[in-house]
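Colleague: First the structure, which I've put down as C-alpha cells, then a few questions once you've had a look.
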4 protein chains.
Amino acid sequence: MKRLNFDVDVIDCEGGEGVDLDILRQKLEADQAHVVKAVCVVHNETSTGVTSDIGEVRQVLGIDLLLPTRHHQIVTYQSIEASKHAKSTRGYFDWGEYIKCYKSGSYWPYTPSVQLLYGLRASLDLILKVEGLENVIARHSRLAEATRQAVIAWGLTVCAKEPKWHSTVVTGVVVPPWLNSNDVIKVAWKKYNLSLGIGLGKVAGKVFRIGHLGYVDELQLLGALAGVELALTDVGYPVTLGSGVAAAQAILSRQTPSIASRL
Amino acid sequence: MKRLNFDVDVIDCEGGEGVDLDILRQKLEADQAHVVKAVCVVHNETSTGVTSDIGEVRQVLGIDLLLPTRHHQIVTYQSIEASKHAKSTRGYFDWGEYIKCYKSGSYWPYTPSVQLLYGLRASLDLILKVEGLENVIARHSRLAEATRQAVIAWGLTVCAKEPKWHSTVVTGVVVPPWLNSNDVIKVAWKKYNLSLGIGLGKVAGKVFRIGHLGYVDELQLLGALAGVELALTDVGYPVTLGSGVAAAQAILSRQTPSIASRL
Amino acid sequence: MKRLNFDVDVIDCEGGEGVDLDILRQKLEADQAHVVKAVCVVHNETSTGVTSDIGEVRQVLGIDLLLPTRHHQIVTYQSIEASKHAKSTRGYFDWGEYIKCYKSGSYWPYTPSVQLLYGLRASLDLILKVEGLENVIARHSRLAEATRQAVIAWGLTVCAKEPKWHSTVVTGVVVPPWLNSNDVIKVAWKKYNLSLGIGLGKVAGKVFRIGHLGYVDELQLLGALAGVELALTDVGYPVTLGSGVAAAQAILSRQTPSIASRL
Amino acid sequence: MKRLNFDVDVIDCEGGEGVDLDILRQKLEADQAHVVKAVCVVHNETSTGVTSDIGEVRQVLGIDLLLPTRHHQIVTYQSIEASKHAKSTRGYFDWGEYIKCYKSGSYWPYTPSVQLLYGLRASLDLILKVEGLENVIARHSRLAEATRQAVIAWGLTVCAKEPKWHSTVVTGVVVPPWLNSNDVIKVAWKKYNLSLGIGLGKVAGKVFRIGHLGYVDELQLLGALAGVELALTDVGYPVTLGSGVAAAQAILSRQTPSIASRL
C-alpha cells in the first residue's frame, strides 16, 4: 500500500507577461521549513509568444547553471539522488530502470517509440551537423525580429509586453477590438492554406499567432507574412499589401548569411 | 536483319517564340508525296517559358481533337494501326505487348517502376479528387499571371514575346545587359535556399526562370518572389523590396477562391 | 492550493499468469465503505505473452459491457461525470477541454501530435477499410496458434500457463535451464537481423519473445520462425531445421483465407 | 536534314541459355569490313534467371576490362570519341552536354529526376557504407544458392541450364508439364501476399521466378520459400512442408556471417 500526497501552489499572471521573479523570490524566502520540493515554470508560453529567462529563475532558486558535460547528461545529479528516495509509484518514468539499462548497453527498459527516436535522430542531425546549432539559434532570432517588424508595419501590436519576453519561436499578434482574430485565422486557412495559431483562454478572439519555429526558412516566413496581409485585407483590416513583407525583408536582407554548406 | 531509316527536318526559331504555324502549313502543303509521317512539336518549352497552342497545330495538320472516351485511351486508333506495320525494332515501347497484357488483366508485359506508378497514383488523386482538375488549371493560370505582374513591377521583361505564348508553368525573366542572370540564381540559392532555373543555350546568362508548376500554392509563390527581390538587391539591381510581392498579391487577392475541401 | 491524495493496492502474481478473478472479487466484496474508486488491470502483458479476459473482469466489477454507439464514445458517461468532481490538477488530460473543443468543431484544445494522428488515420484505414477488422482479428489468432505449434515442435514451452491466457499478439518462449535466452536473442539479432523480445524481471534469461502483432503476415512470421531455428542451432540447442516452420505451415495452410481485395 | 540508318543483327537462343560465345566469335571474325559498330548482350536475363559472363564476352571482342579509375568514369574513352562523330539526332542522351556541365560544376544540362537521384544516393550508401560491397555480393550469392537447394528439395528444376549461367539475383523454376506455373503464382499472390515472377515468352506457364535481388535478407527469403511451399501445396503439387526451407537453412546456417555493424 503506497500513498501519494503533495500540494501545488500556482502563481497566476497576465497574458503577455513572463515569470514574476519578485513573487517567486518572496515565496521561496517565506519557505523557512523547506516545504517546496520543486519549482515548475513555463520557459516559452506558446499561446502568447512569451519567453521567461530560465537563467534568472535559476539564480533566484540559488542553482548554478550546470552545463552538461556530455549530451545525455540532462538529468542533474541532485534530481537522480532525490528520485532514489521518492515514494511515488512509477513505471515508465522511473530513471533507475533507464540508468540500469544504459549501463548494460541495452538502453531501454521497455519498448521505446522507435519512429520518434529515428525522427529525433534525423532532426538532431539537421540541427547539429547540417545547419549548426549557432546558425539555428541565429535564424530563429532573425525570423522573430523580421516578424515583429512586419507586425509593426501593419499597425498591430505584439502580445509579449516587453522585449525581454519576446519569444523567438512564436509571435502573438493583438488585433484591434473591432476585429475578431479568429476571422483572420479562418480566412488564412480557408483561402491561403496558412495555419495561424488561435488565441487561447484570456486572449481568445483578440490574438492570432505566427509560428516561426523549427525547420522554417526566410522565404517560408515571408510567404506566411504575405498570407497574413491577404487575410487581413479579406476581413476588412486596412493593410498595404507588401508592407509587412518589405519590413521583414529589410531585416532579412541585412542579417541572412550564406548557407554554410553552399559556400 | 532489320533496317531503320528515317529523316528528321528541324524548324528552327528564336528563344521566346513558339511554333510558327505558317511555316508548318507551308511544309505540309509542299509535301505532295506524303513523305512526312509524324510532326513533333514542343508543347511547353521550359527553358524560356513559351507555350504553343496544340489545338491550332492539330488544325493545321487537319486532325480533329478527339476527346479520349476512357482515361487510358491516350493513344489514338490511327497510331495503333500504324504501329502494327512499323518495321522498327522495339522492346519496352512496343504497344502490342501492353495491349495484350491489358486485355489479360496483368497490365504490364515487363516489370514496371512500381514506385513511380504509386507516385503517379497519389499525384492524380491530389489533382482529380482533392483539388479538382479545373481548380488546378485555374491555380496555375493565377500564379503565372501574378508572377508576370511581379516581373513588370521589378522593371524586368518576360521572355515569352507574346501573351499567346505565355506559359502557365514557368516564367522566363530577362535581366538587363549589364547583369548576369547566373549571379541572381547563385545568390538566391546560396543565401535564400531558392532554386531558380538558369537560362539555356541562346539565353544563357540573360534569363533566369521562376517555376510555378505542380504542387505550389499562393504563399509559396509569394515567398519565392520575395526571395527574387532579396537576390536582385544583393546583386545590385535596384528593386523596391515588397514591390513585386505586392503586385502579385493584388492579383491573388482578387482571384484566389476558397479551398473547396475547407468550405 | 490543491491537494492530491490516493492509495494504490497492488495484487501481485506469477509470471505466466493473468488476473486472479477470485482475489479481485474478494477485495471488492470486502470494500463495504466503497473506498475503491478505480480498478486497473493489464489486458495483455507483453513481457510474458499473457492476456486477461476483460469481459470477465467487468462482470466481477458489476459493469455491463456498454457497446459504444459512436466511434469516439470510448469514455463512458460515468467516468466523464466522475471527472467533473475530481480534484486532481490536470492540464493536457482534462477531458472537459476536449469536450468543449469537440463541440465547437476545433477538436483539440492544445497542439496535437499531427504526425501521430496521420499515422493513426492510415493504420485505421488499413485495419477497417483494407483488411477488415474481423480479418485482422482472425489473422492474429492464426499467427499466434502457428507460433505456439512451432514452439511445441522445437520441444520448448509457451510461457502463458493456461490456454485462456494465451496472447494473440506475442508469445513468450521458455528455454531449458542450461540455456540463457539472451544468447538466442543476441545471435538472432547479430546474424539474422531478427529482433526477438527479452525476458523481463522474473523471467530474465529464461524467456525470449516472438511478436506477431500488427502489420505482419504469414510469410513474415514463417521467416521469423525459420530465424529462431537458425539462432537456436547456433547456440547449441538441438532443433531440426524446418521443424517449427513446418508445424506453423500446417496451421496456416488450413486457416489462411484468400486476401479479400485480390479475389 | 539528318539521316539515321543502321542494321540490327539478332542472335537467337533457347530460354535457359546465355550468350553463345562461339557464334559471337564467328560473326566477328566474318566481319572483315568492320561493319559491326556495337555488340549488345543481356548481362542478366530476368525472365529466366540466366547470367552471361561479360568478362568472357569482352575477351571475344578483344576489349581489355578497363577498371574505372574514378566512380563516374563508366563511359569509356573510345565510346566518347565515337559519340563525337556520330550522326544520330540526340537530346537528353547527348554525352557532350553532360561532360560540358560536369566540368562547369552544374552537373546536369537538363532537369534530372531529383527523387531518383536521392534514392540512388541512399541505396549506394546502404551498399557501400552500411553493408559493404563485398558483403552485398556474398549475400546475393548465398541467397541464390539457398534458393536453388530449396528448388531441388521440392523435386523441381532450375531454369538456367548450366551452373555457369546461374543468376544470383533471380531463380527461374520449371514446373512439371501437368502444372501451370501461373496457378502457383496466382495462389501465392492471392493467399500469401507473395509476388512471384511469371514465365515470359517461350516459358510462359512453364516457369515461375523467385527474386532474391536487392535489400532482401535471409529470413525474408526463407519466408518466401515457405510461401512457395504453401502455394505448391494449394495447387496440388506434392511437397513436404518445410523441406525447401530446411534445405535453404542448411546453406544459410553455414554461410551467414555476423552483421558487421552489430559485432
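The values are calculated or read from the model by the stated rules, or taken from the named source; none is laboratory data. Values in this document were obtained by computation on a predicted structure and should not be read as measured data. With ideal geometry, Cβ positions are generated from the backbone for all residues, glycine too; neighbour counts draw on all protein chains shown. The accessibility values were calculated without ligands, DNA or RNA, using every heavy atom of the protein model including side chains. Shrake-Rupley method; radii C 1.70, N 1.55, O 1.52, S 1.80 Å.
Colleague: Give me a comma-separated list of calculated 3J(HN,Hα) values for segment D:251-263, in order, Karplus coefficients 6.51, -1.76, 1.60 applied at θ = phi - 60°, integers in Hz, x for any Gly or Pro.
Modeller: Computed from phi, the couplings for segment D:251-263 are 5, 5, 4, 6, 9, 6, x, 5, 6, 3, 6, 10, 5 Hz.
Colleague: For D:E162 and D:I137, what is the calculated FRET efficiency with R₀ set at 25 Å and r taken between the beta-carbons, to the nearest 0.05? Could the numbers behind the result be given before it?
Modeller: Numbers: r = 21 Å, r/R0 = 0.84.
That gives a FRET efficiency of 0.75.
Colleague: Under a crude label model (7 Å from the Cα following the beta-carbon direction), how far is A:V39 from B:R262 in nanometres?
Modeller: Each label point lies 7 Å from its Cα, and together they span 4.3 nm.
Colleague: Right, next: Defining a contact as two alpha carbons under 8 Å apart and six or more residues distant in sequence, what relative contact order in percent does chain C show?
Modeller: On the way: 301 pairs, mean separation 52.8, N = 263.
Once divided by the residue count of chain C, the mean separation gives 20 percent.
Colleague: Summarise the accessible area of chain D (1.4 Å probe, protein heavy atoms) by the percent that is carbon and sulfur. Working shown, then result.
Modeller: Details: 9310 of 15930 Å².
Roughly 58 percent, rounded to a whole number.
Colleague: Using heavy-atom solvent-accessible surface (probe 1.4 Å) with all chains present, what is the largest-first order of A:E17, B:E29?
Modeller: Final ranking, largest accessible area leading: B:E29, A:E17.
Colleague: Another question, if that's okay. At 222 nm, what value in deg cm²/dmol follows for chain A if DSSP H runs of at least 4 each add -39500 (n - 2.57) and the sum is divided by all its residues, to the nearest 500? Present the calculation step by step, with values, prior to reporting the outcome.
Modeller: Numbers: 9 runs with 111 residues, N = 263.
Taken over chain A, the calculation gives -13000 deg cm²/dmol.
Colleague: I'd like to check one number: the per residue accessible area of segment B:132-262, probe 1.4 Å, reported in Å² as a whole number. The partial results should precede the final answer.
Modeller: Numbers: 5400 Å² over 131 residues.
Here the per-residue accessible area is 41 Å².
Colleague: Ranked from the most accessible area to the least, with a 1.4 Å probe and all protein chains present, what is the order of D:R58, B:R121, C:R139?
Modeller: Details: D:R58 55, B:R121 125, C:R139 15 Å².
Descending accessible area places them as B:R121, D:R58, C:R139.
Colleague: Per residue of A:109-118, how many C-beta atoms from partner chains lie within 10 Å of its own C-beta, taken as a mean? Let's see the in-between values first.
Modeller: Details: counts 2, 3, 4, 0, 1, 0, 3, 3, 0, 0.
Across the residues of A:109-118, the mean count of other-chain Cβ atoms within 10 Å is 2.
Colleague: Can you give the average number of partner chain beta-carbon atoms within 10 Å of each beta-carbon in peptide B:212-223, as a whole number? It would help to have the intermediate numbers written out before the result.
Modeller: Details: counts 0, 0, 0, 0, 0, 5, 8, 14, 5, 2, 12, 12.
Other-chain Cβ atoms within 10 Å of each residue's Cβ, averaged: 5.
Colleague: Once amide H atoms are placed 1.01 Å from N in the peptide plane, what residues at a sequence separation of 5 or more from A:L194, or on another chain, have their amide H within under 5 Å of its amide H?
Modeller: HN-HN under 5 Å from A:L194: A:W189.
Colleague: Continuing with this model, one more query. Using only protein heavy atoms and a 1.4 angstrom probe, determine the accessible area buried between A and B, summed over both sides, in Å² to the nearest 100. List each step's numbers first, then the result.
Modeller: Values: alone 17950 and 17940 Å², together 33230 Å².
The contact between B and A buries close to 2700 Å².
Colleague: I would also like to ask the following. D:I152: accessible area at probe 1.4 Å, nearest 10 Å²?
Modeller: 110 Å²
Colleague: Give a residue-ordered list of calculated ³J(HN,Hα) values for segment B:111-123 (Karplus: 6.51 cos²θ - 1.76 cosθ + 1.60, θ = phi - 60°; whole Hz; x for Gly, Pro).
Modeller: These are the phi-based 3J(HN,Hα) values: 5, x, 7, 4, 4, 5, 5, 5, x, 4, 4, 5, 5 Hz.
Colleague: Additional query: Would you work out the relative contact order for segment A:134-262, in percent, from Cα pairs under 8 angstrom that are 6 or more residues apart? It would help to have the intermediate numbers written out before the result.
Modeller: Numbers: 193 pairs, mean separation 38.9, N = 129.
Here the relative contact order equals 30 percent.
Colleague: As a test question: what accessible area, to the nearest 10 Å², does A:T157 have when a 1.4 Å probe is rolled over all protein chains in place?
Modeller: Its accessible surface works out to 80 Å², give or take rounding.
Colleague: Using +1 on the beta carbon of Lys and Arg, -1 on that of Asp and Glu, and nothing else charged, what's the dipole of segment A:134-262 about the Cα centre, debye to 20? Can you show the working numbers first?
Modeller: On the way: 13 positive and 8 negative charges, 45 e Å.
I would put it at about 220 debye.
Colleague: Then there is this: Let me confirm one metric for peptide C:193-205, namely the mean number of other chain beta-carbon atoms within 10 Å of its residues' beta-carbons.
Modeller: On the way: counts 7, 3, 0, 0, 1, 1, 0, 2, 1, 0, 0, 0, 0.
Across the residues of C:193-205, the mean count of other-chain Cβ atoms within 10 Å is 1.
Colleague: Further, regarding this structure: May I ask which of D:K87/D:K161; A:K186/B:K129; B:K87/B:K164; B:K103/B:K129; C:K129/C:K186 have a Cα-Cα span longer than 32 Å here? All intermediate terms of the calculation are to be shown ahead of the outcome.
Modeller: Numbers: D:K87/D:K161 41 Å; A:K186/B:K129 23 Å; B:K87/B:K164 39 Å; B:K103/B:K129 27 Å; C:K129/C:K186 38 Å.
In this structure, D:K87/D:K161; B:K87/B:K164; C:K129/C:K186 exceed 32 Å between Cα atoms.
Colleague: Once the label point is set 7 Å along the Cα-to-beta-carbon vector, what list of distances in nm do you get between D:G214 and its counterparts in the other copies?
Modeller: 2.1, 2.2, 3.0
Colleague: Run through segment C:162-195 and list the chymotrypsin sites (Phe, Trp or Tyr not before Pro) located in a DSSP loop whose Cβ has at most 12 other Cβ atoms within 10 Å.
Modeller: Working: sites: C:W165, C:W178, C:W189, C:Y192; in loops: C:W178.
Here the chymotrypsin sites (Phe, Trp or Tyr not before Pro) that fit, given the DSSP loop and packing criteria, are C:W178.
Colleague: While we're looking at this one, here's another question. Please find the FRET efficiency linking A:K27 to A:R58, where r is the Cβ-Cβ separation and R0 is fixed at 22 Å, and quote it to the nearest 0.05. Intermediate values should be presented prior to the final figure.
Modeller: Working: r = 16 Å, r/R0 = 0.71.
So the FRET efficiency works out to roughly 0.90.
Colleague: 7 Å along Cα→Cβ for the label point: how many nanometres lie between C:H34 and each equivalent label in the other copies, listed shortest first?
Modeller: 4.4, 9.7, 10.5
Colleague: Explain nothing, just compute: Karplus ³J(HN,Hα) = 6.51 cos²θ - 1.76 cosθ + 1.60, θ = phi - 60°, for every residue of segment C:232-242 in order, whole Hz, x for Gly and Pro.
Modeller: Values, residue by residue: 4, 4, 4, 8, x, 7, x, 10, 7, 4, x Hz.
Colleague: What are the residues of segment A:27-53 that lose 50 Å² or more of accessible area, with a 1.4 Å probe, going from their chain alone to all protein chains?
Modeller: When all protein chains are present, not a single residue of segment A:27-53 gives up 50 Å² or more of accessible surface.
Colleague: Moving on to the next point. Once the label point is placed 7 Å from Cα along Cβ, list for D:P163 the distances to the corresponding points in the other copies, in nm, shortest first.
Modeller: Counterpart label points of D:P163 in the remaining copies fall at 5.1, 7.8, 8.2 nm.
Colleague: In terms of the Cα gyration tensor, with a ≥ b ≥ c the square roots of its eigenvalues, is the protein assembly as shown rounded because a/c is under 1.5, prolate because a/b exceeds b/c, or oblate?
Modeller: Oblate.
Colleague: Suppose we compare each residue of segment A:229-261 in its chain alone and in the full protein complex with a 1.4 Å probe; which ones drop by at least 50 Å² of accessible area?
Modeller: SASA drop of 50 Å² or more in segment A:229-261: A:L230, A:L241, A:Q249, A:S253.
Colleague: Which one, A:A246, A:S195, A:L230, is farthest towards the positive end of the dipole of segment A:135-263 when Lys and Arg carry +1 and Asp and Glu -1 on their Cβ?
Modeller: Positive-most Cα among the choices belongs to A:S195.
Colleague: Using a 1.4 angstrom probe on the protein heavy atoms only, could you order C:D94, C:D7 from most to least accessible area?
Modeller: Numbers: C:D94 40, C:D7 80 Å².
Sorted by accessible area, descending: C:D7, C:D94.
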